[in-house]
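Written below as structure tokens is the structure these notes are about.
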Amino acid sequence: MTDTNRKIQELLIDYAGALRDGCLPVFLKSLSRQEGQMIASSEEFWDAAEMVRTLNGVGFADKAVTADVGLFMSRVDANIASRLKKAKTSPRGKRTTSTKSTNKTQRTEKTT
Amino acid sequence: MNRRLRNALKGLTAPDAERRRRAMEPFVRATFDSFIRYLYRYLGNEVECEDVLEDVYADIWENPERLRNVTSERELLKTVYLYYMRKRLREVYRRINRNLHLSQQDMKNLIAPELGILEAVSQSELQDILHRVLGRLKARERRAIELWMEGMSSRAIANELKTTVGAVKMLKFRAILKLKKMMNEYCHEI
């Protein structure tokens with residue numbers, strides 16, 4: 001992907017390859033300004049990109065299906081627990097911040 | 001929609017947070033497969049898919065309102081994509097966006113697009129349609145797509161088809177456009 005004057009079909013094939021190999025950021029970073037503009041104005045690219053995503057889903061999505069959903073479930077539960085904890089502690093956090101700012105204001109007033 | 005999923009959805013939309021948390025397990029078990037396959041279309045990376053999906057489920061737990069009137073699995077997938085997955089998908093690459101030569105809108109369209117005709121069709125239907133339309137391509141085009149789907153690079157495909165890398169890229173591009181056109185026609189018939 002080092003070539004900076006890629007034609008639209010090359011860009012599409014590189015996008016498809018990046019999606020298949022799970023390295024989309026590499027493709028995105030490889031785009032030059034001209035290539036970005038070419039993608040933006042090419043209807044064929046967007047049509048083909050939708051098809052590429054479909055092929056990716058049909059051909060390779062099995063790789064993402066893990067056998068142990070229980071393990072994944074525990075991650076989700078931990079995420080929920082952390083959000084619950086954050087929701088409980090956030091009002092106190094706000095109070096602390098406001099106290100700090102009051103102190104700061106008072107200090108400023110004293111110095112003036 | 002099966003009874004297990006329907007019950008899980010009922011629990012998910014309860015006002016009590018703890019009840020919603022308990023309902024998450026059956027919901028995750030019933031939907032994990034279809035959700036992660038769907039996400040894989042856009043990310044192509046199983047680790048990132050799991051990270052995004054974890055946040056998607058937590059978002060659903062936090063704000064399940066959108067799922068209140070869902071009546072079928074297809075509608076569920078569509079709603080989850082539009083209201084929960086898309087936001088998270090866009091966040092995945094937001095951090096690198098400032099260094100890119102793509103506009104914010106093009107980036108959004110590439111990473112988390114609006115639902116196209118193909119994206120609204122279920123996985124099993126897609127497999128079926130794809131199988132049929134692949135058979136309608138020219139032998140050389142079909143072979144190029146099949147080899148690509150086996151994981152081969154353009155250079156390896158060029159060696160296999162005894163042609164140049166540039167010709168293979170053009171062949172695949174044309175074949176993909178043909179596939180898209182034919183699949184659109186099939187989807188309109190469904």
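Work out the mean other chain Cβ neighbour count within 10 Å for the residues of B:115-125 and drop it here as an integer.
Partner-chain Cβ atoms within 10 Å, mean over residues of B:115-125: 2.
Show me B:14-23, B:27-36, B:129-138 ranked by packing, highest mean number of other Cβ atoms within 10 Å first.
Averaged packing, sorted descending, gives the order B:27-36, B:129-138, B:14-23.
Enter the mean projected area of the convex hull around the alpha-carbon atoms of the stretch B:1-88, in nm², rounded to one decimal.
5.0 nm²
Give, in nm to one decimal, the length gained when the segment between B:H131 and B:K87 is fully stretched (0.36 nm per residue of separation minus the Cα-Cα distance).
Computed gain between B:H131 and B:K87 is 12.6 nm.
How large are Rg and Dmax for the protein assembly as shown when only the alpha carbon atoms are used, in Å?
For the protein assembly as shown, the Cα-based Rg and Dmax read 23.1, 85 Å.
Around B:D33, under 12 Å between beta carbons, what's the net of Lys plus Arg minus Asp minus Glu among the other residues?
Every neighbour counted, the sum reads 0.
Grab the Cα-Cα distance for B:R6 and B:S72, subtract it from 0.36 nm times how many residues apart they are, and report the gain in nm with one decimal.
Contour length minus Cα-Cα distance gives 22.9 nm.
Report, as an integer, the average count of C-beta atoms from other chains found within 10 Å of each Cβ along A:17-24.
That works out to 5 on average.
Just add up the charged neighbours of A:S82: K/R +1, D/E -1, any other residue whose Cβ is under 15 Å from the Cβ of A:S82.
Net charge in that neighbourhood comes out at 0.
With r as the distance between the Cβ atoms of A:K88 and A:D62 and R0 = 45 Å, compute the FRET efficiency 1/(1 + (r/R0)^6) and round to 0.05.
The formula returns an efficiency of 0.65 here.
Between A:A78 and A:S41, what is 0.36 nm times their sequence separation minus the Cα-Cα distance? Round to one decimal in nm.
Fully extending the segment from A:A78 to A:S41 adds 8.9 nm.
Partner chain Cβ atoms within 10 Å, averaged over the residues of A:67-74 - can you pull that number for me?
4
Per residue, what volume in Å³ does the convex hull of the Cα atoms of the stretch A:8-65 enclose?
Considering the Cα atoms of the stretch A:8-65, their hull volume per residue is 69 Å³.
Once you put a point 7 Å from the Cα of B:L161 and another 7 Å from the Cα of B:R19, both along the Cβ direction, what distance in nm separates them?
5.8 nm
Quick one: divide the alpha-carbon radius of gyration of the stretch B:94-188 by 2.2 N^0.38 Å and tell me what you get.
1.30
Quick check of the Kirkwood formula: for chain B, what is the inverse mean of 1/r over all pairs of different Cα atoms, in Å?
Hydrodynamic radius (Kirkwood, Cα only) of chain B equals 19.0 Å.
Quick check on my link table: of A:K7/B:K178; A:K63/A:K86; A:K29/B:K172; A:K7/B:K180; A:K63/B:K138; A:K29/B:K169, which ones sit more than 25 Å apart, alpha carbon to alpha carbon?
Correct reply: A:K63/A:K86; A:K63/B:K138.
Nothing charged except the Cβ atoms of Lys and Arg (+1) and of Asp and Glu (-1): what's the magnitude of the dipole of the stretch A:8-65 about its Cα centre? Round to the nearest 20 debye.
Dipole of the stretch A:8-65, to the nearest 20 debye: 280 debye.
Report the charge-dipole magnitude of chain B in Debye, nearest 20, computed about the Cα centre from +1 at each Lys and Arg Cβ and -1 at each Asp and Glu Cβ.
Roughly 580 debye for chain B.
Every read-out reported here was derived from the displayed coordinates using simple, explicitly stated rules and does not represent laboratory data. Everything numeric in this text was worked out from a predicted model, so none of it was measured. Neighbour counts are summed over all protein chains in view; Cβ atoms, including those assigned to glycine, are modelled from backbone coordinates with ideal geometry.
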